[in-house]
Structures are given as structure tokens and as C-alpha cells.
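The next block holds one structure in the form of C-alpha cells; read it before the comments.
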Amino acid sequence: GQQLNQSPQSMFIQEGEDVSMNCTSSSIFNTWLWYKQDPGEGPVLLIALYKAGELTSNGRLTAQFGITRKDSFLNISASIPSDVGIYFCAGFSGGSNYKLTFGKGTLLTVNP
Amino acid sequence: NAGVTQTPKFQVLKTGQSMTLQCAQDMNHEYMSWYRQDPGMGLRLIHYSVGAGITDQGEVPNGYNVSRSTTEDFPLRLLSAAPSQTSVYFCASSLGWRGVSTDTQYFGPGTRLTVL
């Protein structure tokens, strides 16, 4: 099946630092999504990308849909303690159903 | 709206026992799905449904059954639990299934299942 390679697996940063994480795939996706999961909760959608080259922001978060449609990145600027959690990328390759493929996640720890 | 609700929140089973994980949504969403989350594995799709009476397999369907008799409910059944099914299970729903901007998937809070 399709696989998404998400990196890094984990990050430990100081409050105020910027963060960057990315996902790559060997196959093309039509939609890229970025989710955040807080401990003990379900994932919550942060940003959705629908067009190659698209750059979208949501507050301090910025994500881009790669031109090749095989990658996406998420940046978090000026990190704060509540940014702690697991960040997942997910891709949808299109078709008659809506089967999302998820990356394995990036665990972000922010040191106050 | 309550959104996506899941019960129970925690469950411990013995090998061979059966149980049903409940999932309900009150948003009139057509698409519902079940994922399992294991450490270091991300979320993997078990089964999904694009409407009442329609279900299909995802990436890891073995050992699980589903049915969709109503738009609101999408239960996941474990017929004979195995230790390999120890995981956190998430139900999700979305308005549609085309991957467009209105098809945001909303996740429930999860069920933490341990099989001894």
C-alpha cells in the first residue's frame, strides 16, 4: 500500500524556536492534511492543502503542498508550550472513496 | 452537536472474548471510518463506510467486522480478541468522501483497548 515517510520522528525544542517537519511519498497525492494529536485525544485537523504548490497558513502554522505532489511540509513559528503533541501528515490519492494514508507522526516537545 | 462520540473509553479483554466498540456522530455525515493507532505506526485504516448499508475494508481489516445500519452509528466488532489487537481505536466521520474542502474528517476521543 501507499506509505508516507514523516520526519523527524521527534523534536525537542526551546520555547520561541521555529519548527519544521515534512512528509514524502513515492506516489502522488491529491490532498495533503496536517493533524495534531494532544495526549489522550483524537487528531484535530490543522491545515488542509488541495493544490500542488499551495501555501496555507493558520496562525503560526504554515504548510505547503509540494509541486511534485509527493511531499508536504509544516512549519510552526515561535513555538509555545501548548504546541506539544504529535503531528501527523495524511494524504488522499483520489478515487471513488476517501481512504487517508497517515504518516507515523512527529512528537514535538517544547521546553518552556 | 456532540460531534463524534466513542464508547467505552477504556476496555480490557481476555483473549478470545468478543466486544463491540461504539461510534456515533450527530453531524449527518455520510462517511465514517475506524482507525487503529499503535506506537510508532501512525493511524491505520481498518474499515470505512460511505453511507448506511455500505462498508468496505481498509488497510488492516482482519479480525474486525463493521456494519452501518444508520447514518449516525458505525460500530466495530471484535469477534475473538487477540493480544495483537491491543491498540487505541479512533472513529472518524466526514460530510463526504471526495477529499475536498468540505470533507474534513472529525475524530472521536478514542477507545483504549487491552487484550490479555
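Computed values, structure above
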| item | result |
| --- | --- |
| Residues that are in a loop (DSSP other than H, G, I, E, B) and within 17 Å of B:Phe90 (Cα to Cα), drawn from the range A:24-43 | A:Asp38, A:Pro39, A:Gly40, A:Glu41, A:Gly42, A:Pro43 |
| Any hit, the range A:7-20, residues being surrounded by 21 or more Cβ atoms within 10 Å (Cβ to Cβ) and in a strand (DSSP E or B) | no |
| Residue in the range B:30-37 that is part of a loop (DSSP other than H, G, I, E, B), acidic (Asp, Glu) and over 13 Å from B:Gly108 (Cα atoms) present | yes |
| Exclusive hit being within 17 Å of B:Tyr106 (Cα to Cα), free of Cβ contacts under 8 Å to residues at least 40 places away in the same chain and crowded, with 21+ Cβ neighbours inside 10 Å, set A:Leu45, A:Leu49, A:Leu33 | A:Leu49 |
| Residue tally, condition of a type in the set (A, V, I, L, M) and in contact (Cβ under 8 Å) with a residue 60 or more places away in the chain, over the range A:52-79 | 1 |
| Entirely in the range A:47-112, the strands (runs of 3 or more DSSP E) that have 2 or more residues that are closer than 16 Å to A:Ser20 by Cβ, more than 14 Å from chain B (Cβ to nearest Cβ) and of a type outside the set (Phe, Trp, Tyr) | A:55-58, A:61-65, A:71-76, A:106-111 |
| Hits in the range B:71-104 - residues which are in contact (Cβ under 8 Å) with a residue 40 or more places away in the chain, outside any strand (DSSP E or B), crowded, with 20+ Cβ neighbours inside 10 Å and within 7 Å of chain A (Cβ to nearest Cβ) | B:Trp97 |
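No value in this document is a laboratory result; all are computed from the given coordinates. Remember, predicted model here, so these are calculated numbers, not experimental data. Note: ideal-geometry Cβ built from the backbone for every residue, glycine included; neighbour counts use all protein chains shown.
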